[in-house]
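Working notes, beginning with the structure itself.
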Amino acid sequence: MTKTNTIKYIFFMLPVIGIRILANAVDILNQGVSEVGGSKFNYSVIDVGLNERRIEVVHAKEKYDGSLAETSFRDRHLQVFGMVAGLIKGSCQNGVSSLGKVTISRDPEQDEDQDAEHPQYFIWEYSCK
């Protein structure tokens, strides 16, 4: 990894680390590791109020691995969003009543990603029934 890439990675990870620290200060309902297309993601489901939740999903490495790294940028986002949606569905015993704000590290429609580096994190707010 070049010095420039190392610096970019450090500056990218600082907000993610901050998010993880804040997550530790709240009620974590569930956390674990999920895999899609050979790439592993760490996730935490956080209780933010009465039936209100937030899921934070962070890719475990700097770059994607396996078949996920070989797909198009848009298709990678769709696969990861599908995985996150499945985690959300599984975290609500009586179903999901609404999906809220989504934060991702990159916009799939605006950015090129030749090196299979992004998205690295997803944060999705939602409500359970």
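The values are calculated or read from the model by the stated rules, or taken from the named source; none is laboratory data. Computed from a predicted model, the values in this text were never measured in an experiment. Cβ atoms come from the backbone with ideal geometry, glycine included; neighbour counts cover every protein chain shown.
Summary of values
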{"read-out": "Any hit, the range 10-33, residues being of a type outside the set (S, T, N, Q), in a strand (DSSP E or B), closer than 27 Å to CYS128 by Cα and modelled with pLDDT of 90 or more", "value": "yes"}
{"read-out": "Of residues in the range 79-96 being β-branched (Val, Ile, Thr) and closer than 19 Å to GLY66 by Cα, the one modelled with the highest pLDDT", "value": "VAL84"}
{"read-out": "Any chance GLY38 is at pLDDT 85 or above, more than 14 Å from CYS128 (Cβ to Cβ) and in contact with a Gly (Cβ under 6 Å, 6 or more places away or on another chain)", "value": "yes"}
{"read-out": "Subset of the range 40-69 (residues that are over 28 Å from GLY95 (Cβ atoms), without any contact (Cβ under 8 Å) to a residue 40 or more places away in the chain and not in a loop (DSSP other than H, G, I, E, B))", "value": "GLY66, SER67"}
{"read-out": "Tally, over the range 97-129, of residues that are crowded, with 16+ Cβ neighbours inside 10 Å and either closer than 20 Å to LEU50 by Cα or at pLDDT 90 or above (or both)", "value": "6"}
